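The values are calculated or read from the model by the stated rules, or taken from the named source; none is laboratory data. A quick note: this is a predicted structure, and the numbers were derived from the prediction, not measured. Here Cβ is always computed from backbone atoms with ideal geometry, including for glycine, and neighbour counts include all displayed protein chains.
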Amino acid sequence: MLRKQAKPRPARGPARALLFAALGDETRLALVTRLGSGQAASITQLAAGSRLTRQAITKHLRVLEQAGFVRCRREGRESLFALDPGPIEQMQDYLGFVSRQWDEALGRLKAFVED
Amino acid sequence: MENTIEKRIELKAPVSRVWRALTDYKEFGEWFRVKLEGPFIAGQTARGQITWPGYEHVVWQAVIQKMEPERLFSFTWHPYTVDPGVDYSKETPTLVEFRLEPTATGTLLVLTESGFDKIPVNRRDEAFRRNDGGWTQQMKNIEAHVAQAS
């Protein structure tokens, strides 16, 4: 169950909870998906074709930025937002870690009841 | 990315045998590698000491939810809390469910662990508190996009 991993430890507790919480919103998820193409985008671009106001999008982008999902850089008068895949990889690592622990525990259960 | 972990395993043992291995605290402790203080009782906290070498300092704790004989055993916990420097109690626990079904050769055990997207209760930021989950379906799309981006 609790075997030492060759990989670095998955994201620590509170940090990890923050990641899951930051994506627990349809709008933010949509923004992450949109930025997932790899193209940085401005708030104006992200608001185009959306029912949301620029203010609402800005607010959600700040939450994503705080959690590390997006990075913001200035270009001229605009702020451009780009996706950082790191946190999503961390979340995947964490779920993979828990999943592997279950594989091991259930393997032991199988041996135990079939003995 | 999946938000729920699901494992299905065929066991060559009758449901009654598997049920005992899951819900008798001594038997559970054998394969799960935890020395529990006492029996599992629905609605109560079960506690014990991990017996895996190197992790004996870790306290195992879960709140037993459902015990429907030979059908469903469930508890909530903070999964694999191996880091003593982290206060896991502030996180929302996940739900672990063991479902049993008889088969021709024994028992089908379906394990699920869910709730990874729940919001920690202590989050002060209003934005986090208003979350309502719901990223499960869309996570699959994101995964494809992220793969392209990275």
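Some observations on this one:
- Flag if A:Q55 is at pLDDT below 90 and on the phi < 0 side of the Ramachandran plot: no
- Tally of residues being over 20 Å from A:G24 (Cα atoms), in contact with a Lys or Arg (Cβ under 9 Å, 6 or more places away or on another chain) and of a type outside the set (A, V, I, L, M) across the stretch A:79-115: 11
- Scanning the stretch B:30-47 for residues that are surrounded by 14 or more Cβ atoms within 10 Å (Cβ to Cβ) and either in a loop (DSSP other than H, G, I, E, B) or within 13 Å of chain A (Cβ to nearest Cβ) (or both) returns B:E30, B:W31, B:F32, B:R33, B:V34, B:F40.
- Residue count, the stretch B:3-25 (criterion: in a loop (DSSP other than H, G, I, E, B) and over 15 Å from the mean Cα position of the chain (by Cα)): 4
- Screening A:Y94 against (1) surrounded by fewer than 19 Cβ atoms within 10 Å (Cβ to Cβ); (2) out of contact with any strand residue (DSSP E or B) (no Cβ under 8 Å at 6 or more places or on another chain) leaves a single unmet condition, (1).
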